[in-house]
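Enquirer: Below are the structure tokens for one structure; questions will follow.
The values are calculated or read from the model by the stated rules, or taken from the named source; none is laboratory data. For clarity, every value in this text was computed on a predicted model and none was experimentally measured. Here the Cβ positions follow ideal geometry from the backbone for every residue, glycine too, while neighbour counts run over all protein chains shown. Quick note on the areas: whole protein, heavy atoms, side chains included, nothing else; ligands and nucleic acids left out. Shrake-Rupley method; radii C 1.70, N 1.55, O 1.52, S 1.80 Å.
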Amino acid sequence: MPNYEQLIKQLGKLETEQPNPKSLDIDLLDPLSIARLINSEDKTVAGVVESALPQLAKAAEVFARTFSAGGRIIYIGAGTSGRLGVLDAAECPPTFGTDPKKIIGVISGGYKTLIMSKEGVEDDVKAAGKDLARLKVGKKDFVIGLAASKRTPYTLGALVYAKRKIASTAFISCNSLAVDEQELLGNFIDIIIALPVGQEVITGSTRMKSGTAQKMALNIISTTAMVLLGKTYGNLMVDLQAKSAKLAARSRKILMDMFKINVAEAEALLKKSGGSVKIALVMKKYSCDKKSALKKLKEAGGFVRRIKD
């Protein structure tokens, strides 16, 4: 049986577990006032994330370096934090054309807990090691742990295991970390990203500001890494995978807008490029065939802007 007295003391030290004085009477408010209160608190999150930009940029660099070297990025967490990691991993392939085996989301309790919460799985330290062992995590990988509370046993257990396997590690938490805590975590975490969002509108409901902060952080890390890897041309997602009607239309629109051509010309260009917007772009820009376009991209490390005229 858990030591509830000890756990209550731990929770009592977390900002996210403290009652928010601004929402003490939320149950007496009308719907619009409740919405305004939540929105007002949400506005503070961007500033918190801004204070962690140096650490987020460092994580993005490690992400890009790991990916470029053939390693994997593995997000791992429990509950909302785990779901957000799985979400970011799932969105990279269609947006940036990445291999789904290279950016992976792991949630405590397995994928069933994505749609139905399973109590207690976040406390299973051994399960974290087993989950990473199944993935054969090693020194080429980058493991990013997410835990709003900073204490989640599953997530911290995963990071300890990952460091034992000489993987690079990062930790995203939504509570303040004291100097002694940072020193302790520094024994097995390379990059510590603290996002102290303060008290939640509903006490302890870290799906709210904490979840928003973690989503923003992951957006910054993965998107920055993809830009560093040449997955965009300007702000266009030229490595997208057109696996839906919307993305197929976007592929054509990118070429139409860039070269002032009609949809039929864009269609023909994509057909010649094998469906790749980036290859089609290079073919059109440099008036060359697919083979030459691929050669130019290889020589430029996949960056369209680095191709020499």
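Enquirer: To one decimal place, what orientation-averaged projected area in nm² is obtained for the convex hull of the Cα set of the stretch 163-309?
Expert: Taking the Cα atoms of the stretch 163-309, their convex hull projects to 13.3 nm² on average.
Enquirer: Could you calculate the contour length gain from Leu7 to Lys112, that is, 0.36 nm times the residue separation minus the distance between their Cα atoms, to one decimal place in nm?
Expert: 35.1 nm
Enquirer: Something else now. Using the crude model of +1 on Lys and Arg Cβ and -1 on Asp and Glu Cβ, and no other charge, please compute the dipole size for the chain relative to its Cα centre, in debye to 20.
Expert: Approximately 2160 debye in magnitude.
Enquirer: Still on this structure, please answer the following. Which residue, Leu114, Leu218, Leu156, tops the fluctuation ranking in a GNM of the chain built on C-alpha contacts under 10 Å?
Expert: Among Leu114, Leu218, Leu156, the largest mean-square fluctuation in the Gaussian network model of the chain belongs to Leu114.
Enquirer: For the stretch 166-218, report the accessible area per residue in Å² (1.4 Å probe, heavy atoms, rounded to an integer).
Expert: Dividing the accessible area of the stretch 166-218 by its residue count gives 38 Å².
Enquirer: My understanding is that a pair violates if its Cα-Cα distance is over 29 Å; which of Lys140/Lys231; Lys102/Lys298; Lys246/Lys272; Lys13/Lys136 do that in this structure?
Expert: The answer is Lys13/Lys136.
Enquirer: Based only on Cα atoms, what mean projected area does the convex hull of the chain have, in nm²?
Expert: Averaging across all directions leaves 19.2 nm² for the Cα convex hull.
Enquirer: Residues of the stretch 1-132: accessible area per residue at 1.4 Å, in Å²?
Expert: 58 Å²
Enquirer: Pairs Lys271/Lys308; Lys126/Lys163; Lys130/Lys215: which exceed 20 Å Cα-Cα?
Expert: Cα-Cα > 20 Å for Lys271/Lys308; Lys130/Lys215; rest within.
Enquirer: Give me the orientation-averaged projected area of the Cα convex hull of the stretch 61-175, in nm², one decimal.
Expert: That works out to 6.7 nm².
Enquirer: At 7 Å along Cα-to-Cβ for each site, give me the label-to-label distance between Cys288 and Asp180 in nm.
Expert: 6.1 nm
Enquirer: If you build a Gaussian network model of the chain, linking Cα atoms that sit under 10 Å apart, which residue out of Ile26, Ile189, Ile220 swings the most?
Expert: Ile26
Enquirer: Right, next: Over the chain, what percent of the accessible surface lies on carbon and sulfur atoms, probe 1.4 Å?
Expert: 56 percent
Enquirer: Once a ≥ b ≥ c are taken as the square roots of the eigenvalues of the Cα gyration tensor of the stretch 166-206, is the result rounded (a/c under 1.5), prolate (a/b larger than b/c) or oblate (a/b not larger than b/c)?
Expert: Prolate shape, in that a/c is at least 1.5 and a/b is the bigger ratio.
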